[in-house]
Amino acid sequence: MTEGEDEKMAHRWQKDADGILIFTGLFSAALAAFLTVSVQDLKPNSQDTTAFYLANIYQLLADQNISISRTSILATPVQPPVFSPPNSSVLVNSLWFLSLVISLTSALLATMLQQWARRYLT
């Protein structure tokens, strides 16, 4: 190869890396938007916990046939059911995070390619 062909090839690589950087930037921004919404499915919903405790309080207050002292109510705390995220949410979020990692890795490699091409041309 001649020196002119080398420069053309390095310029093409720089332009390709520019396109990759633009695409990965837009793709990562869209992924981040999806992640902020879907990651909520992996955490317990505070409204469910509140509804559980309110239902227990209502049941104690509404049932007039029960004659329980206050000490026995306080001695037996009622815990909400243990939260376990659905398997589909775990799978979907895992794929979203994997896509984000791959996208950011591609952006890093494209940046390194641009730096190499700049150094090669100078």
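Just so you know, all these numbers are worked out from the coordinates, no wet-lab data involved. Note that the structure is predicted; figures quoted are calculated from it, not measured. Note: ideal-geometry Cβ built from the backbone for every residue, glycine included; neighbour counts use all protein chains shown.
Along the Cα→Cβ direction, 7 angstrom out, place labels at GLU7 and ILE57. What is the inter-label distance in nm?
Each label point lies 7 Å from its Cα, and together they span 7.8 nm.
How are the Cα pair distances of the stretch 72-122 distributed, in percent, across 5 Å bins from 0?
Taking every Cα pair in the stretch 72-122, the percentages come to 4, 15, 9, 10, 9, 8, 8, 7, 7, 6, 4, 4, 3, 2, 2, 1, 0.
Eigenvalues of the Cα gyration tensor times 5, then square-rooted: what semi-axes does that give for the stretch 1-45, in whole angstrom, largest first?
Numbers: eigenvalues 363, 11, 3 Å².
They are 43, 8, 4 Å, listed largest first.
From the P(r) of the chain, could you give the percentage of C-alpha pairs in the tail past 21 Å?
65
Find the relative contact order for the chain and round it to a whole percent, using C-alpha pairs within less than 8 Å whose residues are 6+ positions apart.
59
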